[in-house]
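**Student:** Before I ask anything, here is the structure I am working with.
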Amino acid sequence: MKRITTSTLAALTILLFGQCGKDKNESVDTTYPEINITAADAFPKQCSVIKRGETIVFRAQLSDNVQLGSVSVDIHHNFDHHTHSTEVENCNLEPVKTPQSPFLMIKSFPIPAGLKTYQTAIEIPVPANVDAGDYHFMIRLTDKEGWQTIKGLSIKII
Amino acid sequence: MWAIGLPVCSYTPVAIQALFLMRSFYVFVFCLLGFCRVDAQGVRLSGKVVNHAQRPLSGVIITLSGTAATGITDTQGDFSFTGLPAGDYELVTALPGYRQHHVSVKIKTADVYLNIRLSPLRRQLQEVVVADNHVQERKATAPLNTEIVTPDFIQRHLGGSLMKTLERLPGIKTIGIGSGQSKPLIRGLGFNRVVVLDKGVKHEGQQWGADHGLELDQFAAGDIELIKGAASFMYGSDAIGGAIDVKPPPPPPLHTFGGSVDLIGKTNNNLYGTSFRLYGRKQHWFFDTRFTYQNYGDYRVPTDTVYVYDYAVNLHHRQLRNTAGRETGLHLNTGYLGEKFRSVFYVSNTFSKSGFFANAHGLEPRRVDEALHDASSRDIQLPSQQVNHFKLINRSSYVWNHHQLEMELGYQRNFRQEFSHYVNHGYMPPVYPDTMKIPHDLEREFDKQVYSANFRDRITTGKHVITLGINGEYQHNIINGWTFLVPAFDQKTAGAFGYDQYQLNEHVLLFGAVRYDYGQLQLFRYSDWFPSKTSSGEQQYLVRAADLNRTFHSLVWSAGMNYNREKFNLKANAGKSFRMPIAKELGANGVNYHYFSYERGDPGLSPEQSYQADLSVGWTEKKWSVQLSPFYNYFPNYIYLNPTADHDYYYGAGNQVFQYAQSSVMRYGGEVQLKYRFSEKFRTEWLGEYLYARQLSGDKKGYTLPFSPPASALINLTWTPATGKLFRDTYWSVDYRITAHQHHIVPPEKKTPGYQVVNMQAGTKVHLSRQPVLVSLQVQNLFNTRYLNHTSFYRLIELPEAGRNIILSIKVPFFFQRDSQPGVAPGSN
């Protein structure tokens, strides 16, 4: 019983008065990575137009304050207008239509370890026989800690 | 911020110290249970309690100072204590509406019989002093840090849901979506880490989901007990963070037939609602029925535009598009209340349907037909959710000598559906195939059936009150819909516990408990209904969940003491709790497209364990009181969903991998409550809470836990003027809540700025007839402040909280027949 009382008191003292320096939590990374498509040669941008049968090059400047993780690209149709891009600018959408054989491409790309910035140059062939129309070009970027930034761009395939 | 921030070491010596403490308490618990020899040699103390008209009074709480014994008078007003050792005792009575009665009793060798007459409180003189002290009594004898809320509190602070109403209490927060759905967070722990008991049976819904509410009708609740801290030893797995015990309203008084009508209106979401109650009781038989209906429109926020990512969404009349809803609740309680035997059936069905904010589904921005949505603020379009919860519970008890046997049997079915337009994500076909059996708008469906049984024996003997009990539960869960999150599963759990409360002396009450649990979880295979493209370019129907069978065992314990002096009280408690991994944590393997996440369970997770030390210290003077409740908590293997750096394009359709993982976690914090009475009419109350959590290992070492509420304080000022005979119990009250910023975040959270919000409450009881009409008025967010709530579901897409809301609620009791004794209306005390 005495031992319990002593332990309890010790724990209480630590709880109430134990001052052990400043909060160490501040040192963890709380910054999201960035996807920059403002450069002149960046592609695609909001409302970009892509031709069927051609190969495009996905160019974006990826950066993080500590270390980049991986990047994933997802191109899917938006013929039904159900989802929206994450961007300010509103592209002129074609009327709603039923997809026949829409283009779908999902691919993830690892980023070499230890990088703070990375310039993508990923070739994406667009088949000639896919439906033309409104599409989304989704970029998902993570950093090493698991923060994710998403950019959903509205593009057109003609 | 504030005086609530308790500076505590954040390195491991504390954990070691805590573990050391645990071991000592193990020894202590066994000692305590070990020397509980049942002593049947003592003397019997019995008696009868009557009112001024010599009618027996039932439900009188009798406590014997110097012992842990408490009793309740039966319908004949009789009570008895057996096995009392010789000595001096003081017997105290407690019954709402009556004066407390003290009797000194000297027990030698002969049995003692007492006749006690209680006199009613003269209400005119006693307005300010709340006569009812069952709350204080219960708090003084409860082993853990306990808050008790009465239906009066609910009437005063009525929120969008029962949990939202409870959010005013220090240490309690909610995770909410929209204006009608929220689930509790106790000291930062929520979901499956908090048990909600309804009429003695564990409420089982879809606790794991942030966008799901809790299917309880706040008008049908009696007293509510909130246990802050690990309570697995009482309630089993899941009570690792705390428990909320929602009690049924007390049965109606003898020989009555009456009811009440509640009318509610809210300006923010144009809610209107009513709750109608009808009850009656003869001598032993009673019935109590209730019907509740609420209908609300889209709720309003103090802004014209919200930004879902960078895309600006214009809000029509500042309304969050498609957040309207409806709710109904049907209740029937009926049963037999005898002297020794009581058996009550509770049947209830709650139904709700509500919309999700149309411009975003989860975190995903959605394009919407604004003309369609803005045509009416009350319609519910897609996306939406609908849930029906049916419950049948029997509660029986039997008093036999110094045994009180209690039993609860329950069946419940939770049927939840989420509806959305079909949008092909990942490898789903672009057009929903017409060959599918699943309706095209049924995104998810969860159908849960639960059978529960609890048995307890409360044995009062000498200075010991020993409770022995067993619990069992069987769950059958099936799923439907065109998306997959959690596999179908069956779950069996069983537990046995022993709990001893020992009155060491007049001031010290000791507690000790041990509990053993067994659990079995069986997950069923699920494969996609559509093919995905594999790395070799093939098309394959992916198996998302394989058949899985896991069993779990756990031994937990708790020990503590209460020390009560006239002005000083101290409660200390330490214990170990556990939680079984849930189906989602073991078996998730699917894309949550609305969160851009691919969630992957870990079939090998071990049961979560938690060690907690709790303290509560209070001092009460005539004019003021203070209460400080710090806690320390250590988890060697906390289960959390870890957002990794990877994307998975095969199973995850290109989404970020969120992997269930375990890490050691320490948490500490506490609450402070200060009360000061300036005069008979003015009083103030200061409530504060602080929480700190930190992961000590794993991928997110150094980070906090998700949904950690920021520090906050609430300053209340209440004025209770004397307003004559017609208006009584009048109050004017203002709550000023200051919430600090939350910069301790973990992916995928965002830092949330601090904010200040003012709420007002006013109310009175209008004595037009013998039964007063209760009128309560509330203004929430008085200054229409725009702020973000860190624990809100919509925080990640920056949706502000609801703007100003004026709530009017009126309760009109009525009687067709009543007893002559001046009682208080049941349920309103």
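Nothing in this text is a laboratory measurement; each read-out follows from the coordinates by a stated rule. Keep in mind that what you see is a predicted model, and the values were worked out from it rather than measured. Neighbour counts are summed over all protein chains in view; Cβ atoms, including those assigned to glycine, are modelled from backbone coordinates with ideal geometry.
**Student:** Could you list, bin by bin from short to long, the percent of Cα-Cα pairs of the protein assembly as shown in 10 Å steps?
**Tutor:** The calculated distribution, bin by bin, is 2, 10, 20, 24, 20, 12, 7, 3, 1, 0, 0.
**Student:** Another one. Semi-axes of the equivalent ellipsoid of chain B: what are they in whole Å, largest first, if each equals the square root of 5 times a C-alpha gyration tensor eigenvalue?
**Tutor:** Semi-axes (√(5λ), whole Å): 44, 32, 26.
**Student:** Let me ask another. Which residues in the stretch B:426-470 have a backbone N closer than 12 Å to a point placed 7 Å from the Cα of A:Thr98 along the Cα-to-Cβ line?
**Tutor:** Hits in the stretch B:426-470 for A:Thr98 at 12 Å: B:431-434.
**Student:** Across bins of 5 angstrom width beginning at 0, how are the C-alpha pair distances of the stretch A:31-157 distributed, in whole percent?
**Tutor:** Bin by bin from 0 Å, the calculated values are 2, 11, 21, 23, 19, 13, 8, 4, 1, 0.
**Student:** Quote the FRET efficiency, to the nearest 0.05, computed for A:Val49 versus B:Thr303 with a Förster distance R0 of 45 Å and r equal to the Cβ-Cβ distance.
**Tutor:** 0.85
**Student:** DSSP loop (so not H, G, I, E, B), at most 14 other Cβ within 10 Å: list which GluC sites (Glu not before Pro) in the stretch A:53-119 pass both filters.
**Tutor:** A:Glu54, A:Glu89
**Student:** Distance cut-off 19 Å, Cα to Cα: go down the list B:Lys282/B:Lys340; B:Lys108/B:Lys463; B:Lys173/B:Lys391; B:Lys725/B:Lys765 and report the pairs above it.
**Tutor:** B:Lys173/B:Lys391
**Student:** Compute the distance in nm between two label points, each set 7 Å from the Cα along the Cα-to-Cβ direction, one at B:Thr620 and one at B:Arg565.
**Tutor:** The answer from the label model is 1.5 nm.
**Student:** After finding the eigenvalues of the alpha carbon gyration tensor for the stretch B:227-274, what semi-axes result from the square roots of 5 times each, listed largest first in whole Å?
**Tutor:** After scaling each eigenvalue by five and taking roots: 33, 23, 6 Å.
**Student:** With a sphere of radius 13 Å drawn around the Cβ of B:Gly205, what net charge do the other residues whose Cβ falls strictly inside it have (Lys, Arg +1; Asp, Glu -1)?
**Tutor:** Counting the neighbours of B:Gly205, the net charge comes to 0.
**Student:** Please work out the FRET efficiency for the pair B:Arg44 and B:Arg804, using the Cβ-Cβ distance as r and a Förster radius of 45 Å; give the result to the nearest 0.05.
**Tutor:** 0.15
**Student:** Binned at 10 Å from 0, what are the whole-percent values of the Cα-Cα distance distribution for the stretch B:547-651, short to long?
**Tutor:** 12, 28, 22, 18, 13, 7, 1
**Student:** May I pose another question? Can you work out D for the stretch B:607-710 in µm² s⁻¹ from Stokes-Einstein, where Rh is the Kirkwood radius over C-alpha pairs, the temperature is 25 °C and the viscosity is 0.890 mPa s?
**Tutor:** D = 146 µm²/s.
**Student:** Still on this structure, I have one more. Report the dimensions of the stretch B:649-766 along its three principal axes from the alpha-carbon atoms, largest first, rounded to Å.
**Tutor:** Ordered largest first, the stretch B:649-766 gives principal extents of 74, 30, 22 Å.
**Student:** Turning to a different aspect of this structure: Of the cross-linked pairs B:Lys183/B:Lys567; B:Lys48/B:Lys622; A:Lys144/B:Lys183; A:Lys51/A:Lys107, which ones have a Cα-Cα span greater than 24 Å in the structure shown?
**Tutor:** Too far apart for the 24 Å limit: B:Lys183/B:Lys567; B:Lys48/B:Lys622; A:Lys144/B:Lys183.
**Student:** Name the longest site-free stretch of chain B, where the excluded sites are GluC sites (Glu not before Pro) in a DSSP loop with no more than 15 other beta-carbon atoms within 10 Å.
**Tutor:** Maximal segment without exposed cleavage sites: B:1-338.
**Student:** Related question: If you take the Cα atoms of the stretch A:83-158, find Rg, then find the Kirkwood Rh from the mean of 1/r over all pairs, what is Rg/Rh?
**Tutor:** For the stretch A:83-158, the value is 1.02.
**Student:** Still on this structure: Exactly which trypsin sites (Lys or Arg not before Pro) in the stretch B:751-781 are in a DSSP loop and have at most 10 other Cβ atoms within 10 Å?
**Tutor:** Hits after loop and neighbour filter: B:Arg770.
**Student:** Run the numbers for A:Gln119 and A:Val66: contour at 0.36 nm per residue of separation, minus the present Cα-Cα distance, in nm.
**Tutor:** Residue separation times 0.36 nm, minus the Cα-Cα distance, leaves 17.5 nm.
**Student:** Each residue of the stretch B:567-575 in order: what ³J(HN,Hα) in whole Hz does its phi give by Karplus 6.51 cos²θ - 1.76 cosθ + 1.60, θ = phi - 60°, with x for Gly and Pro?
**Tutor:** 10, 9, 9, 9, 10, 10, 8, 9, x
**Student:** Next question, about the same structure. If you take the square roots of the eigenvalues of the alpha-carbon gyration tensor of the stretch B:372-500 and sort them as a ≥ b ≥ c, do you get rounded (a/c under 1.5), prolate (a/b over b/c) or oblate?
**Tutor:** prolate
**Student:** Give, as a single signed number, the net charge of other residues whose beta carbon lies under 14 Å from the beta carbon of B:Leu570, with Lys and Arg counted +1 and Asp and Glu -1.
**Tutor:** +2
**Student:** How far is helix B:12-34 tilted off the main Cα axis of chain B, in degrees rounded to 10, range 0 to 90?
**Tutor:** 40
**Student:** Oh, and also: Which distance in Å, rounded to a whole number, links the C-alpha centroids of the stretch B:76-117 and the stretch B:208-246?
**Tutor:** For the stretch B:76-117 versus the stretch B:208-246, the Cα centre distance is 35 Å.
**Student:** Report the extension gain between B:Arg99 and B:Val734 in nm, rounded to one decimal, defined as 0.36 nm multiplied by the number of residues separating them, less their alpha carbon distance.
**Tutor:** Full extension from B:Arg99 to B:Val734 adds 225.5 nm.
**Student:** A further question follows. Would you mind checking B:Lys448/B:Lys576; B:Lys228/B:Lys675; B:Lys202/B:Lys811 for any pair whose Cα atoms are more than 24 angstrom apart?
**Tutor:** Those over the limit are B:Lys448/B:Lys576; B:Lys202/B:Lys811.
**Student:** What FRET efficiency comes out for B:Asn314 versus A:Thr31 if R0 is 30 angstrom and r is the Cβ-Cβ distance? Round to the nearest 0.05.
**Tutor:** With a Förster radius of 30 Å, E is 0.50.
**Student:** Here's a follow-up. Do the sum for the protein assembly as shown: with -39,500 (n - 2.57) for every DSSP H run of n ≥ 4, divided by all residues, what is the mean residue ellipticity at 222 nm, to the nearest 500 deg cm²/dmol?
**Tutor:** After summing the helix terms and dividing by the residues of the protein assembly as shown, the value is -2000 deg cm²/dmol.
**Student:** What net charge do the residues around A:Val96 carry, taking every other residue with its C-beta under 14 Å from that of A:Val96, with Lys and Arg at +1 and Asp and Glu at -1?
**Tutor:** Summing Lys and Arg as +1 and Asp and Glu as -1 gives -3.
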